[in-house]
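Here's the structure, in structure tokens; my notes come after.
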Amino acid sequence: MRRIVPFLFGVSLVLTACGGAAPEVGADADPALAAGRTIWTRNCASCHRADGSGGRGPQLNEDRVTGRFPDVADQIELVTNGRGSMPAFSGRLSPEEIEQVTRYTREVIAPSK
């Protein structure tokens with residue numbers, strides 16, 4: 001018990017610093033969106049923050065990603081091949097995973113609240 005309290009405190013600090021938890025996907029949502037959330041949390045939130053509000057990477061929430069990439073193919077190309085400080089994920093994620101995380105950013109992270 002003595003070890004778990006400091007651990008949980010540390011986790012809460014990290015989540016607060018990272019913008020909290022990634023937005024949830026409804027239980028009846030497309031499973032690809034749930035997979036996209038997991039991919040986002042593991043690969044993207046450290047730079048863009050869990051809620052997409054930006055950090056080392058640009059802000060993607062509040063319609064920013066769809067405004068910057070009106071054509072989904074352009075966003076998929078960026079995630080796949082990278083550009084500037086954005087790393088390429090083609091060696092880390094499958095094309096299906098890239099599509100899932102792209103959908104998650106467009107359909108869950110990006111919409112204005």
- Would you mind telling me which numbered condition in (1) surrounded by fewer than 19 Cβ atoms within 10 Å (Cβ to Cβ); (2) modelled with pLDDT under 95; (3) at negative phi VAL108 fails? (1)
- Task: With the condition kept exactly as written, say whether any residue in the stretch 30-49 is part of a loop (DSSP other than H, G, I, E, B), of a type outside the set (Ser, Thr, Tyr) and modelled with pLDDT of 95 or more.
- Result: yes
- Of the residues that sit in the stretch 23-33 and are farther than 16 Å from GLY52 by Cα and either within 11 Å of the chain's Cα centre (by Cα) or of a type in the set (A, V, I, L, M) (or both), which one is surrounded by the most Cβ atoms within 10 Å (Cβ to Cβ)? ALA32
- Residue match in the stretch 68-91 (condition: outside any loop (DSSP other than H, G, I, E, B), among the small types (Gly, Ala, Ser) and under 13 Å from the mean Cα position of the chain (by Cα)): no
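Of all residues being touching a helix residue (DSSP H, G or I) at 6+ places or on another chain (Cβ under 9 Å) and in contact (Cβ under 8 Å) with a residue 12 or more places away in the chain in the stretch 36-48, which is surrounded by the fewest Cβ atoms within 10 Å (Cβ to Cβ)? Just the residue, please.
ASN43
Does the stretch 92-102 hold any residues that are surrounded by 18 or more Cβ atoms within 10 Å (Cβ to Cβ) and in a helix (DSSP H, G or I), and which are they? Before the answer, list the steps.
Filtering the stretch 92-102 for residues surrounded by 18 or more Cβ atoms within 10 Å (Cβ to Cβ) gives 93, 97-102.
Of everything in the stretch 92-102, those that are surrounded by 18 or more Cβ atoms within 10 Å (Cβ to Cβ) and in a helix (DSSP H, G or I) turn out to be GLU97, ILE98, GLU99, GLN100, VAL101, THR102.
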- Task: Answer yes if at least one residue in the stretch 72-87 is in contact with a Ser or Thr (Cβ under 7 Å, 6 or more places away or on another chain) and among the small types (Gly, Ala, Ser), and no otherwise.
- Result: no
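The values are calculated or read from the model by the stated rules, or taken from the named source; none is laboratory data. Computed from a prediction, not measured in an experiment: that's the story for all the values here. For neighbour counting, all protein chains shown are included, and Cβ atoms are generated from backbone atoms with ideal geometry for every residue, glycine included.
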